[in-house]
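Take a look at the structure set out below.
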Amino acid sequence: MSRNPYFAARQPRPAVPSETSVHERDPAQLPAGLTIDVGSPAPFSGPGAVPDPGRFTFALVSDRTGGAQPGVFERGIAAVNALAPDFAVQLGDLVEGYTRDGSVLDAEWDEIDAMLAPLRVPMFHVAGNHDVANEVMRERWLRRYGAFHYHFRFRDVLFLVLNTQDPEREMPPDDEARLRARLAAAGGDEELTRQAYEEAFDWNGVPAAAGLSEGQLGYAEEVLRAHADVRWTFVLMHMPLWQGEGHPAYHRIRAALGERPHTMFAGHVHNYQATERDGNRYIRLGPTGGVWVFAEGAPGNVHHVTLVTMGADGPSVANLALDGIRTADGAPV
């Protein structure tokens, strides 16, 4: 596949000559519509503004569950409201799930509906393993959100949402019983809960429970063919399929992406990690409430939300730790 023609044709941002003094800047370099009551020289620094009608922002919120820490996810929602992006995406694991008891699931989803009620922007949803692990949970998801994999396009940017629980793969009964016993013995203790999860899974390897059906892979390939003209592609999923040697489904998606510029985002591991392959970023978010699965103090252990600004030069990614975000009155979110 040839490189995206949008980027082949786009001219690079003109460099500001090193000998240019701050005091020689021309007010005409400022953003269109900005007027200032002085002539040249003008009181600003930095390069001139580049007109960018395609600029927009979106926020990412990650795992709430897998040992939900009280109040953290709600702070994440408050942070999204404070950042005021055009929209947000939640990357899965909203409920604890892993049950076939419909009354338990309804209570958990009612709790989520209440947590999401303060949202001031649209939030798209990605299915996580705690959300969809059996047919009963599948029905609850479809009742609320209608689809597991889908795509949308905004200002010539493609968003491809994948379902890594297709089909659902339940844990082997002995493994599930062992994990449940460990979690019950932990009694809500954060460190014991973390140890139980850390020992149960190979978090840095290929997610063994991940799956994408042939139908979903065919859908993704067709979407990418139909939207070859976009300026950027974001691929959003719950389990990071690219880890290690890569899941077979990852290799199918990566081949379909070809040379187009893209960024992949996932959650699941409750630990932040960013890698780069062929000039494209693959980012595994930390949690927004879920318990750590690596020991306290491990790199990437941070409860956060992510703000992505899509501009003429591609995306700019800013990760904002919840402990550092304050509202206009100075209070923590």
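Things worth noting here:
- Only Lys, Arg, Asp and Glu carry charge here, each on its Cβ (+1 for the first two, -1 for the last two); on that basis the range 181-325 has a dipole of about 360 debye about its Cα centre.
- DSSP-defined beta bridges in the range 221-313 - what % are antiparallel, rounded to 5: 40
- Per-residue ³J(HN,Hα) for the range 258-264, Karplus 6.51 cos²θ - 1.76 cosθ + 1.60, θ = phi - 60°, Hz, x for Gly and Pro: x, 9, 5, x, 7, 9, 10
- Summed residue charge, Cβ within 11 Å of VAL126's Cβ, Lys/Arg positive, Asp/Glu negative: -3
- Using a probe of 1.4 Å on the protein chains alone, the accessible area found for GLU135 is around 110 Å².
- Distance from the Cα centroid of the range 200-226 to that of the range 68-98 is 24 Å (rounded to whole angstrom).
- Per residue, the accessible area of the chain comes to 46 Å², computed with a 1.4 Å probe over protein heavy atoms only.
- Antiparallel beta bridges, as assigned by DSSP with both residues in the chain, represent about 55 percent of the total such bridges.
- Each of the peptides 92-98, 126-132 was scored by the mean count of other Cβ atoms within 10 Å over its residues; in descending order, highest first, they stand as 126-132, 92-98.
- The antiparallel fraction among DSSP beta bridges confined to the range 108-264 stands at about 35%.
- Solvent-accessible area, 1.4 Å probe, carbon plus sulfur percent, for the chain: 54
- Remark: the range 115-130, residue by residue, has Karplus-estimated 3J(HN,Hα) of 5, 8, 4, x, 3, 10, 9, x, 10, 8, 10, 10, 6, x, 5, 6 Hz, where x stands for each Gly or Pro and the curve is 6.51 cos²θ - 1.76 cosθ + 1.60 at θ = phi - 60°.
- Within the chain, helix-based [θ] at 222 nm, where runs of 4 or more DSSP H residues each add -39,500 (n - 2.57), nearest 500: -8500 deg cm²/dmol
- For the chain, the longest principal axis of the alpha carbon atoms and the long axis of helix 135-145 meet at an angle near 30°.
- GLY211 long-range amide H proximity, modeled H, under 5 Å: GLN165, ASP166
The values are calculated or read from the model by the stated rules, or taken from the named source; none is laboratory data. What you see is a predicted model, and the numbers here were worked out from it, not measured in a lab. Cβ sites come from the backbone with ideal geometry, for glycine too, and all protein chains shown count toward neighbours. When the accessible area is computed, the model is the full protein with side chains, heavy atoms only, and any ligands, DNA or RNA have been set aside. Shrake-Rupley method; radii C 1.70, N 1.55, O 1.52, S 1.80 Å.
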